[in-house]
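> After the structure tokens below, expect a handful of questions from me.
The values are calculated or read from the model by the stated rules, or taken from the named source; none is laboratory data. Given the structure is predicted, the values throughout are model-derived calculations rather than measurements. So basically every Cβ, Gly included, is an ideal-geometry build from the backbone, and we count neighbours across all protein chains shown. Protein only, heavy atoms only, side chains kept; ligands, DNA and RNA dropped before computing areas. Shrake-Rupley method; radii C 1.70, N 1.55, O 1.52, S 1.80 Å.
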Amino acid sequence: MSTSHHVLITGAARGIGAAIAHTLAQADMHLTLLGRDASVLQALAESLPGQGRKQVVCADVSDAAAMQHAVQAAVQTFGPLHVLVNNAGQAVSASIDQTDPTIWQQMLAVNLSGVYHGIHAALPSLRSTATAQDPARIINIASTAGLQGYPHVSAYVAAKHGVVGLTRALALELARQHITVNAVCPGYTETDIVHQAVADLQQKTGKTDAEVRAMLAARNPQKRMVQPDEVAQTVLWLCQCGSAAINGQAIAIDGGELAG
């Protein structure tokens, strides 16, 4: 993949999204950073390394019209997209009895419909840059929750399973158009989402911060949290020419959690 390619990253302001931005910036790619907080995104853009250009666009991924406008603005400035990274996500911890319709819809709107809105808005641009020698890429940041169940996050699990299903369906549909579609599925990763999950579990279980973190890390055979940079390196690989045959995959980054 040429370093001149234009990449749009949703949910870029912090956590995994910011790590992806840093990693792709080091590869001199042109980046559009999309999120809801312009000031945080702008500060990130100004801090990024590399020779590629960086710009900020603001949109809520759950708003289809806003995503259409955001992609149009990104393309108008930096040219057509070659990579879309659907990273924006949100998690709410609640038992099924406490998962009211508002929580349910919120989890689907951000985690599943947000991925669809990004793809739907970006596809015309991705098609325009895709070639047999250098496919365009759609990379969906899902979760190990897209590959197995977890208690107390049923709406999140349902949405992430949907992302993996959408990834597999579109990989087949778009392959002849020279677009690859893959999902990256991190286990518990050191991000704001996990910090909030720790706080929620502390409240529900009465355990200390350290005890909850140990409980979550125990699921990983390496007995640790995944780091955002580890996820970002996988995204970088999926952007490169050597991964052109990787399509329709859900790649777990979990220290072996799903191996057993």
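> Have a look at M215, M225 and point out the one that is open to solvent by less than 30 Å² (accessible area, probe 1.4 Å) and farther than 17 Å from N140 by Cβ. Reasoning before the result, please.
Numbers: M215 fails: open to solvent by less than 30 Å² (accessible area, probe 1.4 Å).
Checking each option against the conditions leaves just M225.
> Separate question: What are the pairs, 6+ residues apart or on separate chains, where a residue within segment 17-33 that is in contact (Cβ under 8 Å) with a residue 40 or more places away in the chain and over 9 Å from L48 (Cα atoms) has its Cβ under 6 Å from a residue that is part of a loop (DSSP other than H, G, I, E, B) and charged (D, E, K, R)?
Cβ pairs passing all conditions: H30/R53.
> Can I ask one more? Under 7 Å between Cβ atoms, at least 6 apart or on separate chains: pull out the pairs that start in segment 42-63 with a residue that is closer than 20 Å to M29 by Cα and end on any residue that is among the β-branched types (V, I, T) and surrounded by 19 or more Cβ atoms within 10 Å (Cβ to Cβ).
Every condition considered, the pairs that remain are Q42/V56; A45/V56; Q55/T32; V57/T32.
> Evaluate segment 198-219: report whether one residue or more is part of a helix (DSSP H, G or I), under 20 Å from the mean Cα position of the chain (by Cα) and either within 27 Å of S4 (Cβ to Cβ) or in contact (Cβ under 8 Å) with a residue 60 or more places away in the chain (or both).
No, segment 198-219 contains no residue that is part of a helix (DSSP H, G or I), under 20 Å from the mean Cα position of the chain (by Cα) and either within 27 Å of S4 (Cβ to Cβ) or in contact (Cβ under 8 Å) with a residue 60 or more places away in the chain (or both).
> If you scan segment 159-197, which residues turn out to be touching a helix residue (DSSP H, G or I) at 6+ places or on another chain (Cβ under 8 Å) and either assigned to a loop (DSSP other than H, G, I, E, B) or at positive phi (or both)?
G187, Y188, E190, T191
> Are there any pairs, at least 6 apart or on different chains, whose C-beta atoms fall under 7 Å, with the first in segment 126-144 and of a type in the set (D, E, K, R) and the second open to solvent by 20 Å² or more (accessible area, probe 1.4 Å) and modelled with pLDDT of 95 or more, and if so, which?
R127/Q177
> Might you let me know whether segment 148-168 holds any residue that is over 22 Å from W104 (Cβ atoms) and among the hydroxyl-bearing types (S, T, Y)?
Taking every residue of segment 148-168 in turn, none turns out to be over 22 Å from W104 (Cβ atoms) and among the hydroxyl-bearing types (S, T, Y).
> Just one of D28, D37 is over 24 Å from A158 (Cβ atoms) and under 19 Å from the mean Cα position of the chain (by Cα); which is it? Give the steps one after another, and end with the answer.
On the way: D28 fails: under 19 Å from the mean Cα position of the chain (by Cα).
Going through D28, D37 in turn, just one is over 24 Å from A158 (Cβ atoms) and under 19 Å from the mean Cα position of the chain (by Cα): D37.
> Mind counting the residues in segment 141-158 that are modelled with pLDDT under 95 and on the phi < 0 side of the Ramachandran plot?
Final tally of qualifying residues: 3.
> Here is a list: Q249, Q196. Which entry is under 24 Å from M29 (Cα atoms) and either modelled with pLDDT under 85 or open to solvent by 70 Å² or more (accessible area, probe 1.4 Å) (or both)?
Unique residue meeting the criteria: Q249.
> Another question, then. Do we find a residue being more than 17 Å from the chain's Cα centre (by Cα) and within 21 Å of N247 (Cβ to Cβ) anywhere in segment 106-114?
No: segment 106-114 contains no residue that is more than 17 Å from the chain's Cα centre (by Cα) and within 21 Å of N247 (Cβ to Cβ).
> Name the single residue that is nearest to the chain's Cα centre (by Cα) among those in segment 7-17 being open to solvent by 10 Å² or more (accessible area, probe 1.4 Å) and closer than 21 Å to T77 by Cα. Give the steps one after another, and end with the answer.
First, pick out the residues of segment 7-17 that are open to solvent by 10 Å² or more (accessible area, probe 1.4 Å): 11, 13-16.
Next cut, closer than 21 Å to T77 by Cα only: 11, 13.
Details: G11: 7, A13: 12 Å.
By that ranking, first place goes to G11.
> To continue, here is another question. Is it true that L31 is in contact with a Ser or Thr (Cβ under 9 Å, 6 or more places away or on another chain), within 19 Å of I119 (Cα to Cα) and open to solvent by less than 50 Å² (accessible area, probe 1.4 Å)?
Taking the combined requirement at face value, the residue does not satisfy it.
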